[in-house]
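Notes follow once the structure below has been shown.
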Amino acid sequence: MSRRAAKSSTRKVAASWPGSATRSLRRISGPCSSTRRSIAACALAKLWHTAPRPTERRSRRRRRRGSGVWPQRWSPETPATNCVALLIGKREIGYKEPTSPFRGHFAILKPASERNESAAIEARAPKKLFIKSFGCQMNVYDATRMADVLAPEGYEETAQPEQADLIVLNTCHIRERASEKVFSELGKLRELKEDRKARGQTTRIAVAGCVAQAEGAEILRKQRAVDLVVGPQNYHRLPDLVRESFMAPVVDTEFPVEDKFDYLTPPSEEKIRERGVSAFLTVQEGCDKFCTFCVVPYTRGAEVSRPAAKIVAEAEALARAGVREITLLGQNVDAYHGMGEDGATWSLARLLRRLARIEGVLRLRFTTSHPNDMTDDLIEAFADLPALMPFLHLPVQSGSDAILRAMNRGHGARDYTSLIEKIRRARPDLALSSDFIVGFPGETEADFQATLDLIAEVRFASNFSFKYSPRPGTPGAELADQVDEAVKTERLHRLQALVESQRQHFNASLVGRITPVLFEKPGRHEGQVAGKSPYLQPVQIDGSVDLIGREVLVEIMRCGSNSLFGRLVETPERAI
């Protein structure tokens with residue numbers, strides 16, 4: 001719609017403006033066939049032609065949608081006279097500063113009466129931040145980086161949402177009923193937000209992560225208490241987005257042109273120490289495998305590997321602050337192919353060898369891997385790299401070739417078991433973990449039995465197993481022969497009983513053995529200290545908290561349902 005046509009449409013419909021002055025203007029792109037869209041088009045045209053032109057580079061796709069970046073950003077000190085008012089007839093329905101951008105093609109405009117709300121909030125200090133993460137280890141890492149990027153804005157982390165000025169739900173879309181769980185949580189937070197408002201306190205609610213990426217603006221439609229929706233590739237913009245949310249709810253889920261890691265604030269040594277002696281470090285994001293049950297390629301994007309030099313720098317900073325164990329993260333981490341310090345492309349094995357040379361790093365791990373990317377040099381690293389722990393999480397999902405084909409896994413059951421044999425020849429003491437999905441569309445009892453046979457053959461120390469649940473937009477959701485829910489439940493119980501018996505057997509096999517334990521924190525009871533075995537098992541002994549950050553030899557005396565209990569054998573042999 002042209003600027004002249006938008007003005008004409010507005011004159012015709014101004015007298016019949018629907019709703020109150022606080023009514024939202026939504027979905028402003030596309031044909032403006034309705035009264036509301038005509039008004040929105042006029043308002044945006046006025047803003048676009050009044051504001052300074054963008055000066056930073058943006059992709060053409062984003063500019064066509066109306067996104068722009070202005071030379072300066074709005075602040076609470078911006079005079080109201082600098083606002084571009086939105087007028088319907090003689091009534092001012094909202095405002096937006098010309099120095100603040102529209103993001104993507106979505107805008108909600110608040111009434112002009114709320115202009116000074118953000119100024120009052122910014123004046124309060126310090127501000128409290130509560131982040132709740134769902135799902136995978138990468139979300140845990142992302143949550144720490146969100147806290148880091150918000151720290152310069154005056155936000156301090158709190159464990160109590162009732163104290164928080166900003167609440168972030170960092171969501172996961174993999175688990176069953178992920179969206180429902182998020183909206184259930186948002187319902188509780190809406191009540192908390194209203195309670196704090198009654199006491200004169202303002203609360204911002206942000207939804208981040210993969211549910212945010214998948215649902216986008218729909219989250220704002222379903223739950224109006226939400227102020228900000230941000231995808232997993234955009235959280236480096238959180239400070240700006242939070243500021244913008246004071247004048248209008250914000251959605252930022254487009255994949256950015258810039259690399260978010262270049263814009264993240266590094267944590268202080270003090271903050272790293274607070275988080276403990278074990279840390280996650282993202283080295284790769286996204287996936288190109290397109291398994292038919294999985295949303296990751298759609299929510300995290302294509303495979304991208306960080307440059308090795310930046311990973312090494314982050315790992316060195318962690319080690320200087322006392323981190324002794326680093327777990328490298330990626331949706332498909334063994335597909336890592338980042339630029340090395342020498343300019344060549346490095347594999348994950350070469351990256352691991354470089355990180356093992358960092359002083360203070362005692363242990364290295366990586367997760368999650370795909371069988372098709374488990375290369376020979378990575379298998380060799382298990383054989384000759386002492387810092388690489390003898391524990392591997394390698395998802396197989398099913399033991400049936402027919403189901404693996406339907407899942408688009410790119411390998412068969414025999415390919416998986418042969419790979420495991422090869423890895424165990426290189427590292428005989430290796431323990432395995434895996435993912436299993438039961439009840440995938442078309443799974444017969446024979447298919448499920450093939451999965452049980454594979455589990456019995458391989459033997460796993462731990463596992464993550466789930467009933468299949470369709471994900472909107474994935475090919476699996478459209479397949480015929482969906483398995484009855486009762487059948488899925490019964491099969492899941494049988495599978496979990498088998499792998500749990502294997503886990504307990506593995507734990508019991510360590511009783512009487514001497515194993516190195518990295519101690520991380522005080523134990524459950526006074527006089528105890530807790531750590532982890534090389535196989536990620538919790539271990540508790542009677543000892544001093546001075547052992548925290550040290551790897552010592554421990555004799556395992558007994559095992560409980562989830563933990564091992566032992567005694568100190570000798571003076572710490574790998575203390576830093």
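The values are calculated or read from the model by the stated rules, or taken from the named source; none is laboratory data. None of the values given here were measured: they were computed from a predicted structure. Virtual Cβ from ideal backbone geometry, glycine too; neighbours counted across all protein chains shown. These area figures cover heavy atoms from the full protein model, side chains too; ligands, DNA and RNA do not enter into them. Shrake-Rupley method; radii C 1.70, N 1.55, O 1.52, S 1.80 Å.
I'd like the residue in the range 412-429 that is in a loop (DSSP other than H, G, I, E, B) and either of a type in the set (Lys, Arg) or open to solvent by less than 20 Å² (accessible area, probe 1.4 Å) (or both) and, out of all such residues, is farthest from THR367 (Cα to Cα).
Ranking the candidates gives GLY412 first.
Would you be able to tell me the number of residues in the range 125-136 that are in contact with a Phe, Trp or Tyr (Cβ under 8 Å, 6 or more places away or on another chain) and either surrounded by 18 or more Cβ atoms within 10 Å (Cβ to Cβ) or small (Gly, Ala, Ser) (or both)?
3
If GLY560 satisfies every condition in (1) in contact (Cβ under 8 Å) with a residue 12 or more places away in the chain; (2) outside the structural domain of GLU274 (by the TED database); (3) open to solvent by less than 40 Å² (accessible area, probe 1.4 Å) but one, which is the exception?
That leaves (1) as the condition not met.
For the range 529-551, what are the residues that are open to solvent by less than 50 Å² (accessible area, probe 1.4 Å) and either touching a Gly at 6+ places or on another chain (Cβ under 7 Å) or assigned by the TED database to the domain that holds ARG427 (or both)?
VAL529, ALA530, VAL539, GLN540, ILE541, GLY549, listed by residue number.
What are the residues in the range 148-191 that are out of contact with any helix residue (DSSP H, G or I) (no Cβ under 8 Å at 6 or more places or on another chain), assigned to a helix (DSSP H, G or I) and without any contact (Cβ under 8 Å) to a residue 40 or more places away in the chain, if any?
Passing the criteria: GLN163, GLU180, SER184, GLY187, LYS188, ARG190, GLU191.
Pull up the range 430-478, narrow it to residues that are in a helix (DSSP H, G or I) and polar (S, T, N, Q), then point me to the one that is farthest from SER400 (Cα to Cα).
Restricting to residues being in a helix (DSSP H, G or I) and polar (S, T, N, Q), the top hit is GLN449.
Could you list all residues from the range 206-237 that are part of a helix (DSSP H, G or I) and either charged (D, E, K, R) or open to solvent by less than 20 Å² (accessible area, probe 1.4 Å) (or both)?
Those that are part of a helix (DSSP H, G or I) and either charged (D, E, K, R) or open to solvent by less than 20 Å² (accessible area, probe 1.4 Å) (or both): CYS210, VAL211, ALA212, GLU215, GLU218, ILE219, LEU220, ARG221, LYS222, TYR235, HIS236, ARG237.
State whether the residues of the range 374-386 include one that is within 27 Å of THR474 (Cβ to Cβ), in a loop (DSSP other than H, G, I, E, B), open to solvent by less than 40 Å² (accessible area, probe 1.4 Å) and free of Cβ contacts under 8 Å to residues at least 60 places away in the same chain.
Initial filter on the range 374-386 (within 27 Å of THR474 (Cβ to Cβ)): 374.
Checking the rest, the ones that are also in a loop (DSSP other than H, G, I, E, B) come to 374.
Next, only the ones that are open to solvent by less than 40 Å² (accessible area, probe 1.4 Å) stay: 374.
Going one step further and asking which of them are free of Cβ contacts under 8 Å to residues at least 60 places away in the same chain, we end up with 374.
Yes.
List every residue pair whose Cβ atoms lie under 7 Å apart, where the two residues are 6 or more positions apart in sequence or sit on different chains, the first residue falls within the range 397-426 and is at pLDDT below 95, and the second residue, located anywhere, is in a helix (DSSP H, G or I) and of a type in the set (Asp, Glu).
Taking only residues 6 or more apart or on different chains, not a single pair turns up.
Say we look at the range 333-359 and pick out the residues that are among the hydroxyl-bearing types (Ser, Thr, Tyr) and either touching a residue at least 60 places away in the same chain (Cβ under 8 Å) or touching a strand residue (DSSP E or B) at 6+ places or on another chain (Cβ under 8 Å) (or both); which of these is most open to solvent (accessible area, probe 1.4 Å)?
The qualifying residue most open to solvent (accessible area, probe 1.4 Å) is THR345.
Among the helices (runs of 4 or more DSSP H) contained in the range 247-363, which hold 1 or more residues that are acidic (Asp, Glu) and not assigned by the TED database to the domain that holds GLY549?
Ranges flagged: 269-275, 308-320.
When the range 398-419 is examined, which residues are found to be under 26 Å from the mean Cα position of the chain (by Cα) and over 17 Å from ALA335 (Cβ atoms)?
Across the range 398-419, the qualifying residues are SER398, MET407.
Within the range 192-203, which residues are open to solvent by 10 Å² or more (accessible area, probe 1.4 Å), outside any loop (DSSP other than H, G, I, E, B) and either out of contact with any Asp or Glu (no Cβ under 9 Å at 6 or more places or on another chain) or of a type in the set (D, E, K, R) (or both)? Before the answer, list the steps.
To start, the set of residues in the range 192-203 that are open to solvent by 10 Å² or more (accessible area, probe 1.4 Å) comprises 192-195, 197-202.
Imposing the further condition that a residue be outside any loop (DSSP other than H, G, I, E, B) reduces the set to 192-195, 197-198.
Across the range 192-203, the qualifying residues are LYS193, GLU194, ASP195, LYS197, ALA198.
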